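Where a number appears in this text, it was derived from the coordinates with a stated rule and is not lab data. All values derive from a computational prediction rather than experimental measurement. For neighbour counting, all protein chains shown are included, and Cβ atoms are generated from backbone atoms with ideal geometry for every residue, glycine included.
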Amino acid sequence: MQELAKCAISLEGLSFSAIFSTRESQDNSMNRRGKALLELYETFDLTILNGRTANDPDGEFNHVSTNENSVIDLFICDYSILATVNSLTVKEFIYSSHFPVCLQIGVPAHNINQNSRLKWNPEFNETFQNKMNKYLDESEATMNAFNNAISRSAQDASMEVCALTRLFKKPWYDYECGKAKKHLNNVLCAAKNNQWLLESRKSYCQVRNSYRRATED
């Protein structure tokens, strides 16, 4: 999206932000949807965060197929929360044609129990909602308060707390599977280093599809 790639935003409100005023993108194509999207941003004072941070200075491709590379998975926000943005990163992911796009924002630290999870029970839906409304009305609008409200509401509604179990490799995942995965990662790195040229992209997609078929069988 060439027009979207170079669009700049006002420096007003960016003094405490980690984003750049000008956006870059490896995707230089523009279609009707892209133009409509640009009009929408202008109307509602929104901005794309892809290609505006130190971790994604070039606006990396986040979708790769045999036909094209593109930047179609976007994070969008309005100017009022630009100062909370810390970074945006496009992660490598070999199990899909889409690469995960991770946004880090500066919110107060909050405590989350990493060793357990709440198991949702639809029978207690109404009780949970009533408790959530009660606890949110009594607390401040912070991330800590929101998480605590979820936890307390679930416990009051008799939701089950389950211990997180570690994910182990499937019994069929053997040395050959690991070798194939390593090869796929190498092909991915080579394609990125070659700027996703046509042959590199096709080679990566072919190896990725072969690996996915093998691990799904």
Inter-label distance for Glu24 and Asn55, nm, one decimal - labels placed 7 Å from Cα along Cα-to-Cβ: 1.7
Provide the net charge surrounding Arg201, with neighbours chosen by a C-beta distance below 11 Å and charges set as Lys +1, Arg +1, Asp -1, Glu -1. +1
Mind putting together the pair-distance distribution for the range 175-216? All Cα pairs, 10 Å bins, whole percent per bin, short to long. 33, 49, 17, 0
Label point distance in nm, Leu46-Ser65, each placed 7 Å from Cα along Cα→Cβ: 2.2
Contour minus Cα-Cα distance for Tyr79 and Lys202 (0.36 nm per residue): 40.4 nm
Pair Asn130, Glu39: separation of 7 Å Cα→Cβ label points (nm): 4.9
Would you grab the residues whose amide H sits under 5 Å from the one on Met30? Only those 5+ places off in sequence or on another chain, please, with H modelled 1.01 Å from N. Gln2
Cα-Cα over 22 Å: which of Lys35/Lys192; Lys119/Lys181; Lys91/Lys202; Lys91/Lys181; Lys91/Lys119? Lys35/Lys192; Lys119/Lys181; Lys91/Lys119
What is the gain in length, in nm to one decimal, between His98 and Asn144 on full extension, counting 0.36 nm per residue of separation less the C-alpha to C-alpha distance? 13.4 nm
